[in-house]
Amino acid sequence: MTSVTDIAGFASIRDVFALQGDDMRTHRGRSVVALTIDGRRHFLKRFWLDPAKPFARSVSRGLHELRMIDWLNDNGFAGPKIVRRGSSSLGPLRTRVFFLMEEVADEAPLETTWRQLSDKRTTLIDELATFAARLHDARFVHTDFSERHIFVGRSEGAWSFRLIDVERAIVGRMRESRAAADLATLTASVVDRELAEAVRTKFVDRYLATRTTLEDGVDFRALLSRARPTKSF
């Protein structure tokens, strides 16, 4: 993995966009690379205006993701741990945006955590369902609520959940069909059969018991039975 001496090495946005790392995902107008900085794993996400595709919305998607991360971190949830961010403009037009995220120690994706457990799985499912209900009550919909985007931590006996890859998230425009699609996406993303069954049953029961803003008369189970994942797995 590419190693950088320290975060202070990000002297300018030109340096950031010239930096080479271990490529994790690159599309036209955006990329994610892994780096080691100060001995810790980081992820650098960059978005830029591609002259060959001037109407692409990569930069605006990067700005939106930053807003969603800030919303999570400002409203009692947890998004990626951002340690550096920046942008450049040409007149009123943003042309490049980046943010650098530090990997949080002792956290792992949901399914990895599940497989490491033996006697605490019921508690994990209950706490995750309560977290999802609280998230939807706050009118936040992830729209790619897959297990690999839910990182789980445990400190002093308490579970914590961190959401990543929120560039498609929506805040405020809440529809219960979107909440149901989040749960359908979670179920579809899980490979472990026991975990998938727990999400379909215990998780949904606890989620519905915990939701406080579900409108009277809404048959959420019926919505969930018709919901389709927002992404194929």
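The values are calculated or read from the model by the stated rules, or taken from the named source; none is laboratory data. Since the model is a prediction, treat every value here as computed from it, not as a measurement. Backbone-built Cβ (ideal geometry, glycine too); neighbour counts: all protein chains shown.
For the range 112-126, filtered to residues that are charged (D, E, K, R) and part of a helix (DSSP H, G or I), the residue that is nearest to A209 (Cα to Cα) is D126.
Scanning the range 74-111 for residues that are in a helix (DSSP H, G or I) and either of a type in the set (A, V, I, L, M, F, W, C) or surrounded by 15 or more Cβ atoms within 10 Å (Cβ to Cβ) (or both) turns up L110, E111.
Only a single criterion out of (1) in the same structural domain as A209 (by TED's automatic domain parsing); (2) buried (at least 20 other Cβ atoms within 10 Å of the Cβ); (3) out of contact with any helix residue (DSSP H, G or I) (no Cβ under 7 Å at 6 or more places or on another chain) is not satisfied by A132, namely (3).
Residues that are surrounded by 16 or more Cβ atoms within 10 Å (Cβ to Cβ), polar (S, T, N, Q) and not in a helix (DSSP H, G or I) within the range 195-233 comprise just one, T230. Figure legend. Inter-residue proximity from the range 1-30: first residues of a type in the set (A, V, I, L, M), second residues surrounded by 16 or more Cβ atoms within 10 Å (Cβ to Cβ) and at pLDDT below 85, beta-carbon distance below 7 Å, spacing 6+ or different chains. Indicated pairs: V16/F10. Remark: V190 falls outside the filter, which requires a residue to be farther than 14 Å from K231 by Cα and crowded, with 18+ Cβ neighbours inside 10 Å. When we screen F151, F131 for residues that are among the aromatic types (F, W, Y) and either assigned to a loop (DSSP other than H, G, I, E, B) or closer than 17 Å to N75 by Cβ (or both), the only hit is F131. Regarding V204, is this residue at pLDDT 95 or above, among the β-branched types (V, I, T) and within 27 Å of R30 (Cα to Cα)? Criteria not met by V204. Residues satisfying the criterion are absent from the range 130-141 (criterion: among the hydroxyl-bearing types (S, T, Y), at pLDDT 95 or above and under 26 Å from F43 (Cβ atoms)).
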